[in-house]
Each structure stands twice: as structure tokens, then as C-alpha cells.
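A short worksheet on the structure shown next.
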Amino acid sequence: MISKFQLLSVLLFFFTWTKGSFTQAQSKVEQLSDSQVKAFYERAKSGGMSEMQIEQAALAQGFTLSDISLMRKRLAEVQNKENNLESDTTENTKATRQQIGQLSKRVIKKDSAKLPKKEPLKIFGSDLFNTEGLSFEPSLRIATPKNYQLGPDDELLVEIYGDAKGSYRLKVSPEGTVKVLNLAPIYISGLSVEEARDKIVSRLRQSYSGLNSGGSFASINLGNIRSIRVMVTGEVVKPGVYTVSSLATAFNALYLCGGPNKNGSFRTVNVVRNNKIVRVIDIYDFLLRANQADNIILQDQDIIQVPFYLTRVELDGEIKRPAIYELKKGESLQQLVDLAGGFNEQAYQSSVTLRRNTEKARKVVTVDRKDFTGFLPQSGDIVNVGKILDRYENKVVIEGAVFRPGEYALGENLKTLKDLLKQSEGVREDAFLNRAIIHREKPNREPEVLAVSLGKILNNEMPDIELRAQDSIVVKSVKDLREEYFVTIMGEINTPGDFEYADHMTVSDLIAQANGLSEGAIDSRIEIARRIKDTNLSEVTDNVMMQIITLKINRDLSLSNNDKQLQLQPFDIVYIRKSTRYDKQRSVVILGEVNYPGTYAIQNSGERITQLIERAGGPKSTGYLPNAIFRRSGERIALDIQRVVENPSLESNIILEEGDTIYIPERSELVRIEGAVLNPSTVNFSKGFTYSNYLSQAGGYGDRAKKSRVYVTYANGYTERSRKFLFFNVRPRIQPGSIITVPYKPKDERRSDLTGPVILSFTGTLILAAVTLISRL
């Protein structure tokens with residue numbers, strides 16, 4: 001609910017907004033929608049005035065206490081509506097009773113709210129009556145139970161067949177009788193269907209002689225059934241009187257009422273009939289053993305009474321079904337464990353610990369496994385089943401240079417280190433026998449390392465070592481105690497890289513592992529770079545940091561007699577050199593107006609542009625060399641190829657490289673003018689036209705044209721700019737395909753478009769003032 005301060009905050013905001021008389025304010029309040037009142041409330045909540053200040057401010061605006069009262073009433077109505085809406089939507093589970101025909105039906109609605117991450121333990125059995133889709137509704141298609149007693153509103157179907165035919169629907173009257181034809185009423189209330197059948201057939205023989213003993217027969221069955229009223233009382237979720245089918249059972253009624261509540265018993269549910277307990281229901285029998293013997297059919301005016309529970313115990317931890325369980329008098333801890341399905345695989349079963357409430361405090365009780373049967377839990381006990389230790393009581397581990405490393409169990413056949421080596425199939429050939437490491441825990445769980453001579457133990461030169469649980473034995477390999485040996489081959493080899501070293505490996509062996517020499521390899525200049533170690537220290541001088549060994553090898557990977565004696569050592573690097581004359585094909589492209597355009601291979605390292613043009617048959621008559629374009633790596637290079645062709649000795653007749661491209665176009669008849677001109681455009685080339693003529697065709701310079709920086713870009717990539725000679729601008733010559741560019745001056749952001757008119761106005765004012773002053777003199 002909102003506070004008085006919040007109410008007054010809303011009033012102040014509202015009255016300031018209305019700014020009218022009492023009548024106007026009253027009209028405003030009545031016309032406001034719920035959303036508007038809520039909006040005023042939300043905005044007023046952030047106010048910082050005191051209650052008295054708010055009230056005085058409202059009165060100062062011309063409003064009375066009646067105004068304030070009216071607004072309070074309106075706001076309270078909106079708040080109540082919201083509270084009712086929240087109460088309808090925030091509960092996780094709601095249960096109501098609905099009438100369908102003459103029967104009560106319980107409907108369960110569940111919202112989509114997220115459940116908490118960790119829920120407290122539930123009472124075992126509570127979900128039975130809250131499960132959607134489970135209603136224990138009685139089936140009307142089953143045969144009539146033998147102990148079913150007829151009563152008012154039950155219906156019997158009578159079929160006569162044989163020599164005589166007839167069909168009757170007999171409804172039991174409130175007086176307990178049925179009437180057929182014009183015969184006297186037959187009292188059948190409280191009878192079973194079989195008993196009623198005998199009485200009805202006996203009465204029908206008055207109209208059908210020889211019925212069921214001659215040529216006519218009668219069949220009597222139960223048709224529509226009546227509704228009965230039962231009362232569910234005690235510790236249930238929804239106690240009350242329920243209308244159910246006459247075939248309904250005790251579980252049907254318990255489901256309708258929501259089952260026992262948090263204080264109700266699941267083990268002693270009483271069915272009371274005519275003031276006597278006719279059955280005591282243990283719901284756990286149904287849940288755990290699917291026993292429905294206690295699920296008896298109810299009769300009219302039966303009472304189901306759920307008393308308080310007597311003993312409830314919380315069982316949690318490593319158990320199959322953690323929950324809160326109800327125990328009967330005399331049930332033991334073992335029976336509690338059985339109710340929960342027993343221990344799970346991780347449970348510590350030697351003992352359990354429970355917390356028990358005393359009159360003044362709590363205490364801890366530890367129960368050994370042998371005492372489970374005789375120990376009786378008390379209500380409120382919390383039993384926790386612990387988890388087994390994450391350690392092994394008889395495990396030893398061996399790893400490293402043995403044939404079967406892994407975990408082994410201490411026992412009669414495995415007690416010592418030699419026993420463990422035997423079970424692990426012994427040490428490998430590469431095992432380092434001088435020392436093995438045993439990792440062990442001291443009694444205080446501090447780590448300890450023992451080093452043993454494995455070779456001496458195996459040769460019985462020193463006593464065997466007795467192993468303990470949790471011991472871990474590491475047998476090192478000889479390879480583990482040194483760097484990983486490898487050799488490297490680089491250069492003109494098909495698969496260069498590092499390879500594992502092996503004793504007696506030669507260069508031929510290494511080349512074979514590297515998939516052989518490449519096509520460009522030369523076999524006469526193979527070098528081996530070797531680290532200087534104590535073994536070869538005498539073979540090199542003092543100032544040499546690396547030993548270099550040269551040798552020759554044939555294409556068939558055969559060595560000379562001398563080189564056959566040379567074996568590789570760890571970390572050697574073998575270099576295979578490339579032939580000086582060997583090179584991959586490199587190509588260039590010439591396109592456009594030449595006689596034989598296409599791709600050409602570079603013949604030698606000194607081939608130049610003119611040689612390529614010559615190999616391509618020279619330019620066609622339509623080719624225009626001044627506009628020829630040369631590109632290298634996709635980038636346009638400015639070259640005057642016409643001058644190069646005319647004078648091949650020029651330095652611009654450059655040497656060709658892989659990927660170069662020459663394009664010789666046809667003669668262009670266009671000139672483009674762009675930049676700071678009035679009309680950027682492309683015009684025809686005219687031989688007699690000068691720069692000024694082309695500028696005129698573009699409309700002349702623009703306002704921001706930088707005239708002294710005009711430049712011309714030719715089709716071959718060259719660029720030529722304007723130059724100064726004395727006081728004159730010397731413009732570049734124009735050729736076909738040229739682009740004339742007039743640069744822009746930088747824009748002066750500080751200068752306004754009104755600068756000129758302002759200066760002119762100011763100057764005129766000064767002149768007028770001067771003329772006036774002179775005329776007065």
C-alpha cells in the first residue's frame with residue numbers, strides 16, 4: 001500500500017497540473033483513467049517535500065480538504081485493482097474447484113516463473129496431488145464393482161430378450177425404489193446390483209411368465225451412476241464438501257482437495273463412515289509399492305480425515321531420493337533409508353550423521369551402519385549421508401618406461417616394487433635403471449619423494465621396497481633425460497623441415513625422408529652445419545663457432561666412398577643449394593595494338609621493354625605509342641614508351657620482371673577537363689587547340705580555381721604541371737587522351753558569404769561621412 005506521503009505527493013502534482021477551481025478539480029479527478037492516475041503516482045514518488053509542505057502547497061493552490069480526499073479515494077481504487085491483479089498472477093500454483101455437471105473437479109494452473117536455483121527439500125508424497133494430468137478420476141467403462149451399493153439417482157438398464165422383448169431404464173427414486181410397467185415399486189436402495197437383479201426379475205415375472213427359466217430372459221446392468229457428497233477435513237490443502245461420482249475412491253477425493261498440507265499426515269489418512277473409521281490409508285504404500293488396497297470406493301456422506309503428522313525426518317546427501325519423510329511409530333533408520341530408495345553410488349555407508357533438536361539446543365548424533373536397524377529417528381531429525389573420500393585405500397600407480405603403465409591394487413600378489421614391475425610387464429628397453437622416483441604421502445599427508453636404483457633392485461643387489469597405498473612410481477626413459485634429437489634439411493628439397501634423428505643416419509637417408517631433391521637442386525655443393533661439442537672440438541679452430549662440412553651426392557642419392565663414412569649427428573642442419581642456371585619460367589603480358597598480343601616468357605635476366613615489343617611483332621598501324629601504359633604489380637608506371645622505342649638506349653627502357661604488363665591502345669580522340677572549372681567535360685582533341693581553347697570549352701575557371709597549379713596527365717601515366725616564366729604561366733602541351741586538372745584553392749571557413757557586401761557598405765558609409773564633413777568646412 002502507498003504511504004500518506006506518497007498520496008500527498010500525487011495530490012500536489014495533480015493539483016498543480018489542474019490549476020482550476022474545486023468544481024474543475026473534481027471533474028478532472030472523475031475523468032482521469034487508471035493509467036493517468038498511476039502515471040501521477042509514479043512521478044510523485046520521486047518528490048523530496050515533507051508531508052506538511054505538500055499539504056500546504058496544495059491548499060495554497062486554492063484546493064480544499066475535500067479535493068484531497070477525493071483524489072485519495074481515486075488513487076486507492078487504482079492501487080487496490082493492481083494488488084488484486086498481482087495476487088492473481090504471482091502465485092506459482094493455484095487450485096480451485098469447478099462444477100462440471102454434478103461433479104467437482106480440481107484444476108491446477110502453473111505459471112511460467114523460473115524456479116529458484118536450489119529448492120529446499122520437499123515432503124515426500126506432496127507432488128502426488130499436485131501433478132498436472134493426474135486426477136484419479138474413476139473409469140465409467142469398468143465392470144460394476146461387486147460391493148457397489150445402489151442408491152437414489154442410480155440408473156438400471158433392463159433388457160428382455162427371447163420370446164418376449166422389452167427395454168427399460170429404471171432410475172432409483174429418492175425413496176430408494178424403482179418402478180417398472182404397472183407393477184408395484186421395488187425397494188433396492190443399499191442393495192448390490194446382483195441383489196437388485198434378483199428382486200427386479202422376481203417382480204417382472206408377474207408380467208413375463210417363465211422369465212429366465214423358459215424362453216424369455218432378462219439382463220439387468222448399471223447404467224448412469226449417481227453423484228455422492230463426501231467431506232474432506234483435517235490437515236488438507238482445500239478442506240470442504242465435494243460432489244463426486246459414486247464410483248470415486250479415496251484418492252480421488254484427496255486429489256480434489258489438494259492432498260495433505262504441510263502439517264498433514266501421509267501415513268494415517270482415516271476414512272470415516274457412520275462415525276466409524278473403516279479404513280486407514282498409508283499413501284506411501286501406493287507410492288512405493290503401487291498398493292491400492294486402501295483406495296476404497298467412497299459412499300455418500302463419507303468423511304476423509306487427515307490428522308497431523310507425528311514424525312518427520314529430513315534425509316539429504318548421497319541418497320537416491322532426498323526428501324522429508326514421514327515415519328510411523330517404531331520405524332527405524334534403516335526403514336527411512338529404504339523409503340528413500342537406498343544409498344547412491346557415491347554414499348559413505350559406514351555411518352551417517354544427524355542433527356537433533358533438544359529442549360535447549362541441537363546436538364549431533366553419529367549412527368554406525370550396524371545400528372541402523374535399531375536406531376529410531378525422532379521428528380525434526382536432519383540426516384545427512386556423506387560422500388566417500390576421493391582417495392583409494394589400496395591403489396598404487398606406475399608410469400613411464402614400463403610396458404603396462406597404470407593403476408594397480410595392493411594385495412597378496414602385489415606388495416613390493418618388484419611385484420609391481422612384474423604386473424606391469426617389466427621395464428622397457430629404454431628405461432633409465434639408475435634411478436626411479438617414488439612419490440609417497442607421509443602419515444601427516446605431506447608429500448615425500450624416494451629415489452631408488454631400479455637396476456640394483458632388479459639384480460638383487462639391494463633389498464626390495466615395500467609399497468604403500470597412494471604410492472606413485474615414475475620410471476624415466478633415457479630419452480626423457482636429454483633433449484629430443486632431430487636433424488634439419490633446408491633449401492632445394494621437396495619437403496624441407498625437421499626430422500627425427502636416428503643412429504647411423506646419413507645425408508642420403510635424410511634426403512630420402514624429405515622426398516628427394518627438387519628440380520633446381522645442385523648436388524655438388526651440399527653443406528652440413530654442425531654444433532661444436534666436446535666430441536669434435538679438436539677438428540675446428542678456436543675462433544670458429546660452427547663446423548661446416550661439404551660433400552657431394554648423386555641424383556640417385558649415392559655417396560662417394562669418402563662421404564659414405566660421414567654420419568649425421570643430432571641437431572645437424574643440411575643445406576641443399578640451387579643451380580645458378582636453374583630458374584622457374586617467368587612471364588609478362590603485352591596487349592592492345594600489337595601484331596601478336598599475349599603472354600611471353602622472359603628469356604633472360606636482361607630482357608627489356610623494346611625486346612618484348614619486338615617479339616610481339618611491333619605495334620600495329622592503329623597503335624598509338626605515346627599513350628601506351630606500363631604496369632608492374634598492378635600499379636601504373638609513368639613511361640614514355642614511344643621515346644623508348646625510338647631510342648632503346650634510354651634508361652627508361654627498363655628490364656622486365658615477372659607479371660609486367662604493357663598495353664598499347666588505339667589513338668584517343670578525346671581530352672577531359674576536370675576540377676575547378678565551371679563545366680567539367682570531355683571534348684574532342686583538336687590539333688590546333690591550346691590549353692586556353694580547352695579551358696574555354698569547359699566554361700573557364702571556377703571561383704576557387706588555383707590557376708598556377710594546373711597540371712595535365714597523359715595517357716601513358718606521365719604528369720606535367722604549369723610553370724612560371726617571368727610573369728607568364730607556361731601551360732603543358734595537350735595530347736590525345738590527356739586529362740586537364742584545375743586544382744581547387746582551400747576553402748576559407750572563416751570568411752562569410754556576407755563579407756563582400758558588409759565591406760562595401762562600410763566603405764560607402766565612410767565616403768558619405770567624409771563628403772559631409774568637407775561640405776561643412
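Amide H of Ile637: which non-local residues (sequence gap of 5 or more, or other chain) have their own amide H closer than 5 Å, using H built in the peptide plane?
Those lying under 5 Å, H to H, from Ile637 are Phe630, Arg631, Arg632.
Can you tell me the Rg and Dmax of the stretch 395-481, counting just the alpha carbons, in angstroms?
That works out to 12.2, 37 Å for Rg and Dmax.
Provide the three semi-axes, in whole Å and in decreasing order, of the ellipsoid equivalent to the stretch 587-664 as defined by the square roots of 5 times the Cα gyration tensor eigenvalues.
Working: eigenvalues 51, 40, 32 Å².
Sorted largest first and rounded, they come to 16, 14, 13 Å.
In a shell of Cβ-Cβ distance under 11 Å around Phe499, excluding Phe499 itself, what net charge do Lys and Arg (+1) and Asp and Glu (-1) give?
Working: positive: none; negative: Asp498, Glu500, Asp509, Asp572.
So the environment of Phe499 carries a net charge of -4.
Where the Cα atoms of the stretch 155-224 are projected onto their three principal axes, how long is each span, largest first, in whole Å?
The principal-axis extents, from largest down, are 34, 22, 18 Å.
Could you list Lys395, Lys262 in order of exposure, starting from the residue whose Cβ has the fewest other Cβ atoms within 10 Å? Please report the intermediate quantities before stating the final value.
On the way: Lys395 14, Lys262 11.
So the residues, fewest neighbours to most, are Lys262, Lys395.
Just to confirm a number: summing +1 for Lys and Arg and -1 for Asp and Glu over residues other than Phe571 whose beta-carbon lies under 11 angstrom from that of Phe571, what do you get?
Value of the local net charge: -1.
What is the fewest-to-most order of His504, His439 by other Cβ atoms lying within 10 Å of their Cβ? Spell out each step's value before the answer.
Numbers: His504 7, His439 14.
Placing the least packed residue first, the sequence is His504, His439.
Between the stretch 171-212 and the stretch 582-661, what's the alpha-carbon centroid distance in Å?
If we compute the Cα centre of each part, the gap is 124 Å.
What full-extension length gain, to one decimal in nm, is calculated for Arg615 and Asn543 as 0.36 nm per residue of separation minus the Cα-Cα distance?
20.4 nm
Which net charge results for the neighbourhood of Ile548, defined as the other residues with beta-carbon distances under 10 angstrom from its beta-carbon, given Lys and Arg at +1 and Asp and Glu at -1?
Computed value for this residue: 0.
Quick one: order Phe308, Phe571 by neighbouring beta-carbon count within 10 Å, fewest to most.
Values: Phe308 11, Phe571 16.
If I rank by nearby Cβ atoms, fewest first, I get Phe308, Phe571.
Which pairs, out of Lys171/Lys276; Lys707/Lys747; Lys418/Lys476; Lys328/Lys387; Lys418/Lys479; Lys122/Lys320, put more than 19 Å between their alpha-carbon atoms? Walk me through the intermediate numbers first.
Working: Lys171/Lys276 30 Å; Lys707/Lys747 15 Å; Lys418/Lys476 16 Å; Lys328/Lys387 28 Å; Lys418/Lys479 23 Å; Lys122/Lys320 14 Å.
The answer is Lys171/Lys276; Lys328/Lys387; Lys418/Lys479.
Given points 7 Å out from each Cα along the Cα-Cβ axis, report the Arg672 to Asp371 separation in nanometres with one decimal.
In this crude spin-label approximation the distance works out to 10.2 nm.
Once both labels are modelled 7 Å past Cα along the beta-carbon direction, what's the Lys328-Arg404 spacing in nm?
Between Lys328 and Arg404, the simple spin-label model gives 5.4 nm.
Every number in this text was worked out from the coordinates using simple rules, so none of it is lab data. On a predicted model such as this, the values are computed, not experimentally measured, just so you know. FYI the Cβ positions are ideal-geometry reconstructions off the backbone, even for glycines, and counts take in every protein chain you see.
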